[in-house]
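Have a look at the structure below before the remarks.
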Amino acid sequence: MRTSADLVLLDVVVSDRGNPVHGLESGHFHVLEDGREQRITAFDEHRPPAPGAGMGEVHPPALPPHTYTNLPVHPASPAVNILLLDALNTPMANQMDTRRKMIQYLARIQPGTQLAIFALSSRLHLIEGFTADPAQLVKALQGSQAGTPAGQPVSTGEQAAPQTSVVLDPQMDQAVDSTLGDMANLAVGTDPATVAGVSALDEMRQFIADVGAYQTDLRVRMTMDAMQQLARYLSGIPGRKNLIWFSGSFPIALDPDDSQDNPFEAMRGYSDEIRETAELLSAARVAVYPVDARGLMTPPTLDATYTAPTNLMGSTSSGNRNSARSRVTANKPSPSTDDLNRQKQLIEEQASMQQIAQQTGGRAYLNTNGLQEAVANAIENGSSYYTIGYVPAARPLDGQFRKIQVSLESSDYKLAYRHGYYAGPSDKPNEPTRGQASLIMAATLHGAPPSTQILFQARVIPNGDPGLQETKLPAGSGGELVASLKGPLQRQYVDFNVDPHTLHYDIAADGTQGVQVEFTLVAYDRDGRRINYLDSGFQLGLKPSQIQQTMESGIRIRLPLDLPAGQFSLRIAVHDLSAGRAGSLEVPVDVNLK
């Protein structure tokens, strides 16, 4: 016989004029799911620790030599805080200002406050793990500002080689527009009424729109991938996680452009991508607090450095749109149009921040120069919350989205919480994914933070190690790229011990519990090039008599991988094919054939 109850947990922040409200009881709250009142079965209030009170840290158990785990060290606190500095979507000048203000903030941070720092450029970097040492955080920020992000902690005290990346500046959009505008003016020539000139200008307009849409697509995809990596990294840490995201953001949609021959060609919408990412963050109990790193912005025409540009992308509403002369005449400086377009763009960019904050139970900080105050408020806001639990009324777990509404009796307090979930079986998470291939690619990406949705330990030992004596060694190929490797090779063995509680099982009629798991090894050299890899899938069937022992000892697998002499970073990943979940870590491997 098997029985289960699906408990829905909600972290609810209650505030009054921006200040947290304490002392409420479960009877004050009303929870509706798809319009139906739910009975609250679990309730707890969480408050920030007293100033100076040390919360301690949660460390993995002591491990044998050459053994690693993907469970990160984290504070023993009901809420942890993560600072994300987004260089991908933030102008360079604002990046420097943000780092400077964060260094100033850390100089007077509340003692005992634990923070982890990430940076996003062309990919996600873990700059500093959770620590309450302000000096260590400042050092990490100064190091990242110099362009040398700290190596990601990947093991029991050992580190992989620091990685570098290209920082993408969103202001390149403007540079492209300006350059192409000059090209278009040259193409039109001195006679703006010529048919050839008008045709060249139209084609250049369309080309600029396509380039801009492509760049936005790229930034959105990279940003959402980074957010999903963060969700998988934080999944193994219990309690609420507050992600303070400094960014210039990106638009939630690209509207039709009626200045083009095909107004809908560059049209884009990103609501689905943002919703998908928000759901993954919510499943990991991550609340996002976006902070617009650009601060309070004024219209561009009020800037002393403003020069009215040739309005290559401007509106052609005056005159007949099909008139050659009116279409070229519209290519004139238009300060009012610049202000209008900038305001429209700002609204769209900040809408994406507000959407992801609302869907994850966080709060957006927009149009403010008080960046330090925003961080302090977000930490206090996210550390003062109520956890409400309820068991939904008997309804089929059909995987459909269920809307949640939380209210308070007789109060005007503001509530922040996630507004729904996908009702899948509790032992088979129904989190949205964009395909199994992208999940394992993200888990094996060189230098990415570890994924903790599946917890495991991995021991890496070379062939000939005394610990391998009188043990069964796997035969067969030592990787898919062995044929391309030069020189003598040494076989490395990776022993997995997977926490079986983090996997999904399909139960057969005879009581056998089956699980489909993919194990992946990818070795990178010091330049980040893939040297060798191995991917193996297993379908394990646990008989009723084996279940108890397996739950206690774990699921153990040994895989081989051949490597030449040198220093490598070995990415190790476990992928639950049924549940769409992954665990990963990265460890250093030094192959010495002498």
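The values are calculated or read from the model by the stated rules, or taken from the named source; none is laboratory data. Values in this document were obtained by computation on a predicted structure and should not be read as measured data. Cβ coordinates were reconstructed from backbone atoms using ideal geometry, including for glycine residues, and neighbour counts include every protein chain displayed.
Against the numbered list (1) surrounded by fewer than 16 Cβ atoms within 10 Å (Cβ to Cβ); (2) of a type in the set (D, E, K, R); (3) closer than 24 Å to PRO49 by Cβ, ARG100 comes up short only at (3).
None of ALA87, ALA79, ALA62 is crowded, with 21+ Cβ neighbours inside 10 Å, of a type in the set (A, V, I, L, M) and either over 28 Å from LEU120 (Cβ atoms) or in contact with a Gly (Cβ under 6 Å, 6 or more places away or on another chain) (or both) except ALA79.
Restricting the range 412-433 to residues that are modelled with pLDDT of 90 or more and among the hydrophobic types (A, V, I, L, M, F, W, C) leaves a set whose member that is surrounded by the most Cβ atoms within 10 Å (Cβ to Cβ) is ALA416. Taking the range 534-566 as the range and being of a type in the set (Gly, Ala, Ser) and exposed (fewer than 15 other Cβ atoms within 10 Å of the Cβ) as the test, the residues that pass are SER536, GLY537, GLY541, SER545, SER553, ALA565.
Go over the candidates LEU120, LEU126, LEU141 one by one and state the one that is over 17 Å from GLY447 (Cα atoms), crowded, with 19+ Cβ neighbours inside 10 Å and modelled with pLDDT of 50 or more.
None of the others qualify; the one that does is LEU141.
The single condition from (1) surrounded by 16 or more Cβ atoms within 10 Å (Cβ to Cβ); (2) not in a strand (DSSP E or B) that ARG571 fails is (2). Counting the residues of the range 62-99 that are part of a loop (DSSP other than H, G, I, E, B) and charged (D, E, K, R) gives 0. For the condition surrounded by fewer than 19 Cβ atoms within 10 Å (Cβ to Cβ), in contact with a strand residue (DSSP E or B) (Cβ under 7 Å, 6 or more places away or on another chain) and among the basic types (Lys, Arg), ARG529 does not qualify.
Scan GLU380, GLU373, GLU409 and give me the residue that is farther than 27 Å from TYR270 by Cα and either modelled with pLDDT of 90 or more or among the aliphatic types (A, V, I, L, M) (or both).
Only one candidate qualifies: GLU373.
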